[in-house]
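Participant: Supplied in structure tokens, the structure appears directly below.
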Amino acid sequence: METVIHPSRFSSNLQKKLSTMMAVTHVLFVLLCSVISLGSEIQVDPNGYVMYCPCMGRFGNQADHFLGVLSFAKALDRTLVLPPWVEFHFPAPRSVQVPFDVYFQVKPLLEFHRVITMESFFENLADEVWPKGKRTVFCYQARTYGAKENDCNAKEGNPFGPFWDTFNVEFDSSEFYQPLYHDVTHSEIKRWKERYPVSKFPVLAFTGAPASFPVQQQNVGLHKYLKWSDNIAAQRDKFIKENIGDEKFVGIHLRLGSDFENACKHLDSSPNMFAAVQCLGYRNEHGKASQEMCYQSEKTIFRDLSKVLKSTGYSTVFIATDSKDLKSQLSKKFKKVKFVKHSPDNAHVDLAILGASDYFIGNCISTFTAFVKRERDVNNKPSKFWDFPPSKKHEEL
Ligand code: GDP
Ligand code: MN
């Protein structure tokens, strides 16, 4: 006997099976989604947040400040909102904000303290934690050069305005936190907590970094939690592989732009300028800064590099510079040495390559150098500074 399957019965059977399958798939899908969202759900920190604009200086200064703020947020036990890096793309009149995680990984920071990127904060938490209409900005005292009196004028000027505009933030009120200081002593932190309880101030949003400049000695070591993003690390590794290979190499930082030349003229009146403490010591226990330490002549660069090449025996040099690279002069002077440079100009890739070099010579006064020096200290790699300790001859200049 032939089994005849009635077409309509066949299709209704199939439909049943299909719809059961679909129902099961749907349930699985919903389950999966909830598992995923449970895993990535961003919880509100009941202890509140610290947020700030890295509104002073360029990358080196912002990085110095960052370590201080990280320490401050930890001491207050509030989540640190990782601000984007502020960049000035001359001649653009407004700063450009680059998300924190374009340059650095977020995960290693979590080993030290709770952090969240500012992008994620505004996407996921701001409406609940810091709704529009209740946004107070903190500054030490009124900033008088703004439009309003008795106000932080937190959005007045560049990069202040462009920074907060990135997240469409308007401030509703100002809070002057003087005489409190962003020092992490136990008693100072206690005062912060008493004056600004989380219940009333879930977000402490600062006009500028609540941190010292230069970075305080006790925070220098926090640099170990700053790890280059995969993107920057890949560019560093590619450059080294293609241009240096397995050779050991010296990395040099030349900070010879006219802005630095001008700044160095003030060295006598402010001997602890910028990052000077990184070689002179926090109590100036290693002497006084010389002009050549701040702005080097070619003679000093040749002399110091020559010493390092001799003592290490290396014959490859990576040059990072904000202006002149002296490549042709150096190649003429050191005929057997290979000089390489990364192009196009990329400050972060330069920093990463300098960090990876086997020996580093930098500028003691520069915070750009200081970034490299800290990274190398974390990894036990040797560094020195131009004209440090100062050569006697220069003191007569
Ligand atoms: P400082 O002024 O040396 O203390 O360091 P900053 O980072 O505050 O400002 C210097 C800026 O000049 C950096 O942020 C870079 O944009 C640029 N710069 C300085 N040195 C170098 C370098 O070796 N390579 C590149 N690509 N840029 C540099
Ligand atoms: Mn600077």
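Participant: Using the Kirkwood radius over C-alpha pairs as Rh, can you work out the diffusion coefficient of the chain via Stokes-Einstein at 4 °C, viscosity 1.567 mPa s, in µm² per second? All intermediate terms of the calculation are to be shown ahead of the outcome.
Facilitator: Values: Rh = 24.2 Å.
My calculation gives 54 µm²/s for D.
Participant: Next question, about the same structure. Please sort through the DSSP H helices of the chain and keep those with an alpha-carbon extent of at least 30 Å along the long axis and a Kyte-Doolittle average not below -0.5.
Facilitator: 7-40
Participant: Could you work out how much longer the chain between residue 343 and residue 186 gets when fully extended? Use 0.36 nm per residue separation minus the Cα distance between them, nm to one decimal. Show your work: numbers first, answer last.
Facilitator: On the way: separation 157, 0.36 × 157 = 56.52 nm, distance 4.72 nm.
Result: 51.8 nm gained on full extension.
Participant: Now for a separate question. Per Stokes-Einstein, at 37 °C and 0.692 mPa s, what whole-number D in µm² s⁻¹ belongs to the range 121-173, with the Kirkwood radius over Cα pairs as the hydrodynamic radius?
Facilitator: Details: Rh = 11.8 Å.
For the chosen part, D equals 277 µm²/s.
Participant: Ignoring everything but the protein chains, give the 1.4 Å probe accessible area of residue 58 in square angstrom, nearest 10.
Facilitator: It works out to around 140 Å².
Participant: How much of the DSSP beta bridge set in the chain is antiparallel, as a percent to the nearest 5? Write down the numbers at each step before the final one.
Facilitator: Working: 4 of 34 bridges.
So the antiparallel bridges amount to about 10 percent of the total.
Participant: Could you compute the net charge surrounding residue 193? Neighbours are other residues with a C-beta less than 12 Å from the C-beta of residue 193; K and R count +1, D and E count -1. Working shown, then result.
Facilitator: On the way: positive: 78, 190, 191, 195, 200; negative: 77, 188, 194.
Cβ neighbours under 12 Å give a net charge of +2.
Participant: Based on the alpha carbons, how large is the Rg to Rh ratio for the range 125-244 when Rh follows Kirkwood? Each step should come with its number before you reach the end.
Facilitator: On the way: Rg = 18.9 Å, Rh = 17.4 Å.
Ratio value, two decimals: 1.09.
Participant: Grab every C-alpha pair in the range 201-277, bin the distances at 10 angstrom width from 0 up to the longest one, and report whole percents.
Facilitator: Binned Cα distances yield the sequence 12, 23, 34, 24, 6, 1.
Participant: A further question on this structure: Which of 62, 43, 269 sits farthest toward the positive end of the charge dipole of the chain, with +1 on the Cβ of Lys and Arg and -1 on the Cβ of Asp and Glu?
Facilitator: Value computed over the given set: 269.
Participant: Now a separate question. Can you work out the PRE-style zone for residue 172? Point 7 Å along Cα to Cβ, and I want the residues of the range 178-220 with backbone N under 20 Å.
Facilitator: In the range 178-220, the label zone of residue 172 (backbone N under 20 Å from the point 7 Å along Cα→Cβ) covers 196-207.
Participant: Give the whole-number value, in cubic angstrom per residue, of the convex hull volume spanned by the C-alpha atoms of the range 282-397. Each step should come with its number before you reach the end.
Facilitator: On the way: hull volume 13.5 nm³, N = 116.
Hull volume normalised by residue count: 116 Å³.
Participant: Oh, and also: Which value at 222 nm does the chain reach when only helices count, each DSSP H run of 4 or more adding -39,500 (n - 2.57), with the total divided by all residues and rounded to the nearest 500 deg cm²/dmol?
Facilitator: Values: 17 runs with 164 residues, N = 397.
Helix-only estimate at 222 nm: -12000 deg cm²/dmol.
The values are calculated or read from the model by the stated rules, or taken from the named source; none is laboratory data. Computed from a prediction, not measured in an experiment: that's the story for all the values here. In this analysis, Cβ positions are derived from the backbone assuming ideal geometry, glycine residues included, and neighbour counts consider all displayed protein chains. For the accessible areas, the whole protein counts, side chains as well, though only heavy atoms, and no ligand, DNA or RNA atoms are used. Shrake-Rupley method; radii C 1.70, N 1.55, O 1.52, S 1.80 Å.
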